[in-house]
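> Would you mind keeping the following structure in view while I ask a few things?
Rule-based calculations on the coordinates, nothing more; no lab input. Quick caveat: nothing in here was measured; it's all calculated off a predicted structure. So basically every Cβ, Gly included, is an ideal-geometry build from the backbone, and we count neighbours across all protein chains shown.
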């Protein structure tokens, strides 16, 4: 085997290295001096990788359950306790209350003296332990339905004829009163015209009775 001198070996080795791709480490930072003076060039430091958020964070509130006690202020009386998700709306909660209390009328939920809107969620009314105590108010329409029906039936019932006759008798005018009216008309008008006016007055009066 022919011997190769040191110079020839070095040239061959460097030629081989120049054909290989250059790889830099993750912590490599290029020397700004090697870039030359280029206007507007800014060297930024390496940015850290963003931390990944846990996948179950968004659904944590969905799995949390609240215990809510509802007591009615007026009839129908009920006192029920229901479970609801933190993301449930008040409208959904009222549906559960109606089913638990077995009522079909409209219910308004009251928290700290104020009516809770249907669009609010359970998470907005519970305390730190996931509990809440609400009052329920049944709609006035449902409560007064029976009274309204009774009033309508009473209004539809005709009054006895005896009462009507009694009222007519109390409005009847005696002949002495008509005589006084006739005298006034004749005095203010003429005899013929006064009698005609009196006759019309009597006809209209007794016709309305």
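> Sort the range 63-139 into rounded, prolate or oblate with this rule: let a ≥ b ≥ c be the square roots of the eigenvalues of the Cα gyration tensor; rounded if a/c is under 1.5, and if a/c is not under 1.5, prolate when a/b is larger than b/c, oblate otherwise. Write out the running numbers ahead of the final one.
Details: a/c = 1.65, a/b = 1.53, b/c = 1.08.
It is prolate, given that a/c is not under 1.5 and a/b is the larger ratio.
> Per-residue counts of other Cβ atoms within 10 Å, averaged by peptide: what ranking do you get for 112-123, 15-26, 82-93, highest first? Mind dumping the intermediate values first?
Values: 112-123: 13.0, 15-26: 6.8, 82-93: 17.6.
In decreasing order of mean packing, 112-123, 15-26, 82-93 become 82-93, 112-123, 15-26.
> Additional query: Any idea how far apart residue 31 and residue 131 come out in nm if each label point goes 7 Å out from Cα toward Cβ?
For residue 31 paired with residue 131, the spin-label model returns 7.2 nm.
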